[in-house]
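Trainee: Dropping a structure here in structure tokens format, bear with me for questions.
Coordinate-derived values only; no laboratory data. Just so it is clear, the model here is predicted, and its values are computed rather than measured. Virtual Cβ from ideal backbone geometry, glycine too; neighbours counted across all protein chains shown.
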Amino acid sequence: MLPEHIKNWTLSKKVARIIYEVPSYTHAEPLLVLLYLDSLSNRRREDHFIRLINTFISGKCHQSMTSFVTLLPDNSLDIQSSRF
């Protein structure tokens with residue numbers, strides 16, 4: 001059984017090909033862009049960024065990284081600018 005996110009992604013690609021009436025071997029990424037759907041690489045990058053922020057906030061990272069992101073009382077983030 002495939003995980004839900006894989007099934008949804010495969011379904012999105014198939015639906016995009018059907019909407020644009022193109023052959024099944026057509027690369028789906030440009031079609032998804034035309035439909036204003038996030039590409040897989042964008043979603044992976046976003047997921048990675050979220051995981052990084054969570055590790056900074058929770059302190060499950062190197063000591064020097066914990067000061068990069070601070071969770072404010074209103075649940076917004078204070079992100080320190082680079083020192084370089």
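Trainee: Please list, in order along segment 62-70, the HN-Hα scalar couplings obtained from phi with the Karplus expression 6.51 cos²θ - 1.76 cosθ + 1.60 (θ = phi - 60°), rounded to whole Hz, x for Gly and Pro.
Mentor: In residue order, the calculated couplings are 4, 3, 6, 8, 5, 8, 5, 10, 10 Hz.
Trainee: Taking the Cβ of Ala28 as the center, what net charge do the other residues with Cβ under 11 Å away carry, scoring Lys and Arg +1 and Asp and Glu -1?
Mentor: That sum, taken over residues with Cβ under 11 Å, equals +2.
Trainee: Please report Phe56, Phe68 as a ranked list, fewest other C-beta atoms within 10 angstrom at the top and most at the bottom.
Mentor: Final ranking by Cβ density, sparse to dense: Phe68, Phe56.
Trainee: Modelling each spin label as a point 7 Å along the Cα-to-Cβ direction, I'd like the Ser76/Ser58 distance in nm, to one decimal.
Mentor: Rounded to a tenth, the inter-label distance reads 2.5 nm.
Trainee: What is the Cα coordinate range of segment 41-84 on the first, second and third principal axes, sorted by size from largest, in whole angstrom?
Mentor: Extents along the principal axes: 28, 27, 21 Å.
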